[in-house]
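The values are calculated or read from the model by the stated rules, or taken from the named source; none is laboratory data. Keep in mind the model is a prediction, meaning the values are calculated, not measured. Backbone-built Cβ (ideal geometry, glycine too); neighbour counts: all protein chains shown.
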């Protein structure tokens, strides 16, 4: 350290964009929101509550300005440093090599004032640095500075690491937006289709149904008076006549509302979607009201998962997730690369966005003797429910047995789809129940590989194979069950690098 | 170092400072121009296992003690369940009590007498040149393979009952999960831990 003392200069310490005062206040207000609400409802007179609110607001503003003034960050020795805090002082030291993701996003406030929010994450404990208001240029500069390989790729742009003779404040030359960005955009028609087939339909629908049941009394009386007025029916037996119609109308209404809400929600959260590659990073940006930008370092990608929900299978669409270590945006620790990709475009998409992660091996699949297991095992649940229903309602309860039909259908589809195979030094594992999931995992990313067989599987010489990839702070397991027991053994040997890849399957085609 | 005491060594975070084993270097960095130290003394070979290894035979007694403890807990739960059943179903208590006692006895016999020796007989591990192989189970037999390159950390741990028997577990951590080999003698455990750590280090350095 003493050797370079002569060259020392003071690093440029920066504050956030002045808008940071507002965003800090909003953050603080969010923390005290319940106090505000309490103040609002406290006291019967307007006066005391309003005074309390004013006092709180003053405190919040003072806090925001002070925090903004105290928060300063700078770069030094290949690390980001940050000094922050009014009452509790915080000094952050983040080595660039330990940084796992720099996310740029923009909430409503940021969008109004044309600034962005930057979150720097390391593996250990999630977000370490959260700068709520920065200019976009500054945000991109931070992203570059904290990106060791980016530094190696173009040292000229990363000013702060070589302070001599380079003006760190100079705006970086705008990196040309990769052509891939627009190529995988989602059209508005696709957004509608995505919303209409979203997996959240059930959640929204049941939520609405619950809300409706809460308001049922009032709606019932309203409906009865109105419909009676409209239909002008006789007083006698109105309830029985109108009942089924009303129920049908209500059910249809809930369905329609569910769909509309889902489509609107999908459009808001996935609108203006783009995905692309910038040097060694994957960039995903989405969202109309709240802009989310996620970047994933490509050499931290552990696996790619292709998910095909039941509703997306007939229209040939899938969503693509990337598992990476030390980065969590949503869905645990996987990041969605595309929510609604044409399955036929998958190879091109992966070649474009995540090269080296596509392989199309013939899959080793469950043999014919395994089919019975796929049909029998899930039937037990249905039979148990049917027995309970029979006990409760006698014969009509047996209608539950109709549930066997979809159960068997799914069992057959699972048997048909499941498989595991090896190509391009990658293992591909496909599982399915309602949703079909295909995982692409390079051999050097395999954390552990398992072969397991229970008593019933052993009787039929079957075994399940699973691999574990690192994802976030933990692991993610991909399993293909009920394969011929020679297959998991061969795949295990392959994973351990002691054997050539197992022979291409002679059984059913994939 | 205070805030103002700044030096401008442009020392960069070396790419290689990414924890090895967790993240392999990107394929582009294929030929790092680091000259290998000339005439490096060949590393002494780490002994690996030729065959699948059993656990320490005292494991059976250890698991029996564990079985006694879990039997006590389960007996309590079964008794509570039977009592609840008595109040809910309003059937005669004799049948419920008989059923509960039968369940408790069956549970105890399985956990204390039957399962521990079978589990011991089925438990095997093998440290190989570049991987650790485990096979164990009772109803479900599971084989697990851990590439040593992926091993981040190896611990030996000992609980209170294990301490009484002088047994240790070796726990192998990867970035995704932890696998444990229970019930080894101290010598066996220490040896295994050192060997795994050393082999993992060498595998990563390659």
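Is the range B:178-193 home to any residue that is over 13 Å from the mean Cα position of the chain (by Cα) and buried (at least 20 other Cβ atoms within 10 Å of the Cβ)? No; the residues of the range B:178-193 include none that is over 13 Å from the mean Cα position of the chain (by Cα) and buried (at least 20 other Cβ atoms within 10 Å of the Cβ). Note on the range A:71-91: among residues that are part of a strand (DSSP E or B) and exposed (fewer than 15 other Cβ atoms within 10 Å of the Cβ), the one that is nearest to the other protein chains (Cβ to nearest Cβ) is A:91. If the condition is being within 17 Å of the chain's Cα centre (by Cα) and free of Cβ contacts under 8 Å to residues at least 12 places away in the same chain, then the range A:294-330 contributes only A:330. The criterion of being modelled with pLDDT of 90 or more and under 30 Å from residue A:473 (Cβ atoms) holds for residue B:141.
Only one entry of A:281, A:291, A:277 meets the criterion of being touching a helix residue (DSSP H, G or I) at 6+ places or on another chain (Cβ under 9 Å), touching a residue at least 12 places away in the same chain (Cβ under 8 Å), at negative phi and surrounded by fewer than 18 Cβ atoms within 10 Å (Cβ to Cβ), and that entry is A:277. Considering only residues in the range A:350-399 that are in a loop (DSSP other than H, G, I, E, B) and out of contact with any strand residue (DSSP E or B) (no Cβ under 8 Å at 6 or more places or on another chain), the one that is surrounded by the fewest Cβ atoms within 10 Å (Cβ to Cβ) turns out to be A:394.
The residue of the range A:443-487 that is surrounded by the fewest Cβ atoms within 10 Å (Cβ to Cβ), among those that are away from chain B (no Cβ under 11 Å) and part of a strand (DSSP E or B), is A:479.
Is there a residue in the range A:428-435 that is at pLDDT 95 or above, over 30 Å from residue A:101 (Cα atoms) and part of a strand (DSSP E or B)? No, that holds for no residue.
Inspect all residues belonging to the range B:100-113 and state whether any of them is buried (at least 18 other Cβ atoms within 10 Å of the Cβ) and either more than 30 Å from residue B:83 (Cβ to Cβ) or within 14 Å of the chain's Cα centre (by Cα) (or both). No, the range B:100-113 contains no residue that is buried (at least 18 other Cβ atoms within 10 Å of the Cβ) and either more than 30 Å from residue B:83 (Cβ to Cβ) or within 14 Å of the chain's Cα centre (by Cα) (or both). If only residues of the range B:174-201 that are touching a helix residue (DSSP H, G or I) at 6+ places or on another chain (Cβ under 8 Å) and in a helix (DSSP H, G or I) are counted, the one that is nearest to residue B:55 (Cα to Cα) is B:196.
Among the residues here, residue B:140 qualifies as without any contact (Cβ under 8 Å) to a residue 60 or more places away in the chain, under 30 Å from residue B:68 (Cα atoms), facing chain A (nearest Cβ under 9 Å) and surrounded by fewer than 18 Cβ atoms within 10 Å (Cβ to Cβ). The single condition among (1) more than 22 Å from residue A:30 (Cα to Cα); (2) surrounded by 17 or more Cβ atoms within 10 Å (Cβ to Cβ) that residue A:67 does not meet is (1).
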